[in-house]
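The numbers here are math on the coordinates, done by the rules we state, and not lab data. Values in this document were obtained by computation on a predicted structure and should not be read as measured data. Using ideal geometry, Cβ is built from the backbone for each residue, glycine included, and neighbour counts are taken over all protein chains shown.
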Amino acid sequence: MPPRKNEKYKLPVPLPEGQVLDDTEGKQWILGKMIGSGGFGLIYLAFPTNKPDKDARHVIKVEYQENGPLFSELKFYQRAAKKDSIKKWIALKQLDYLGIPLFYGSGITEFKGRSYRFMVMERLGIDLQKISDQNGTFKKSTVLQLGIRMLDVLEYIHENEYVHGDIKAANLLLGYRNPDRVYLADYGLSYRYCPSGNHKQYQENPRKGHNGTIEFTSLDAHKGVALSRRSDLEILGYCLLRWLCGKLPWERNLKDPVAVQTAKTKYRFSSIPSCTAAVCWMSSLSQCLNGLLPEAELDAPKRAPGSMSYNVMKQQHLLVNRDLVERMLDNKFVLYLREDKRRLQNHNTIQHNKKTLEPRVFILATTALCS
């Protein structure tokens, strides 16, 4: 049963270490120590009872049953991110991995008269926000690779009728056993933008405006419009800019959502001449987002997953000179260009086939403008 709407979410009373939880598939999990809390839930290390291990490979996320975010995340995994589906996608797209944490089970448990919902997930490592707090900005090559990996994830979840809605450094985590891999976690705010192939209508609602993490949230979210694929791409763009340049132009006004919205509108739609890297980058991002305007929402009912062509978006709005692409090709991160690898091996082919470049190349090229 879904949580009741308008219920005020509360952080649960911690469960005791060592408690055994039974998931819906009959598997039993032992709670280890609590390693985190935030929002409305708690996170524990977890061990399967039949395979005890001192080094936990799983975590359990716990919330009161009436809370909403964990229920939303559970539905996302049940509908769109089963292990077999992810495995097939990886094979289809010829990826070495897809940055979505694996889901192992869920259930309901009781403690002191309260019902708790729990999810068993793959254990991940440190999040990028902690790394950013320690080191400041990221290297250009790191940001480029992050952009590519996040586009891989977004393409998958968008194809399966969902958007993430809360992309930020705190939700990007390195692998626990594979720290060279990055994962997009926390689908508690994920939204099914196209249930059964029917895209949600574009409708502004000021009462629901300014949702999400204010510095990164999309212009649609500022207007109270339901999340869409365009929102995810815009949020990712702001994140890339922040990771590379260290700040966003509207950060001084975060307590004033309307001022932030105005600043984002200015940078998105204006063509102010400037030699600053930030404005150059925002100009390129603007071209991408403006190209999604008619596709993503204005004729929304006609646009099901799969109908959004990243290639068409690049055909109209990717303006990259040959020298820039050649410099990109000389860098090691080109290995991540899975689908475009054959097209990008020949520089002459690049010159004539800009129309077929994937969105990964857009991320690479626009970010390179900030170097």
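Specify which residue in the list Tyr104, Phe47, Ile60 is farthest towards the positive end of the charge dipole of the range 20-122, using unit charges on the beta carbon of Lys, Arg (+1) and Asp, Glu (-1), about the Cα centre.
Of Tyr104, Phe47, Ile60, it is Tyr104.
Per residue of the range 43-53, what does 6.51 cos²θ - 1.76 cosθ + 1.60 with θ = phi - 60° give for ³J(HN,Hα)? Whole Hz please, x for Gly and Pro, Karplus curve as stated.
Listing the rounded values in order: 10, 10, 5, 9, 9, x, 5, 8, 9, x, 8 Hz.
With bins 10 Å wide starting at 0, give me the P(r) of the range 20-122 over every alpha carbon pair, in whole percents.
Histogramming the range 20-122 at 10 Å steps yields 14, 44, 32, 9, 1 percent.
What whole-number value in cubic angstrom gives the convex hull volume per residue for the C-alpha atoms of the range 71-199?
Enclosed volume per residue, from the Cα hull, is 137 Å³.
Karplus couplings for the range 77-88 from phi (6.51 cos²θ - 1.76 cosθ + 1.60, θ = phi - 60°), rounded to Hz, Gly and Pro as x?
Karplus-based 3J(HN,Hα) across the range 77-88 equals 5, 5, 8, 10, 9, 6, 4, 5, 5, 5, 4, 5 Hz.
Using Stokes-Einstein with the Kirkwood hydrodynamic radius over Cα pairs, what translational diffusion coefficient do you get for the range 37-83 at 37 °C and a viscosity of 0.692 mPa s, in µm²/s rounded to a whole number?
So the translational diffusion coefficient is about 267 µm²/s.
Could you derive backbone 3J(HN,Hα) for the range 99-114 from the dihedral phi with the Karplus parameters 6.51, -1.76 and 1.60 (θ = phi - 60°), listing whole Hz in sequence and x where the residue is Gly or Pro?
x, 10, x, 6, 10, 10, x, 7, x, 10, 9, 10, 7, 6, x, 10
What value in Å³ per residue do you get for the convex hull of the alpha-carbon atoms in the range 215-270?
About 74 Å³ per residue, rounded to a whole number.
Please report the equivalent ellipsoid semi-axes of the range 22-61, computed as sqrt(5 x eigenvalue) of the Cα gyration tensor, largest first, in whole Å.
On the way: eigenvalues 72, 36, 6 Å².
Semi-axes, largest first: 19, 13, 6 Å.
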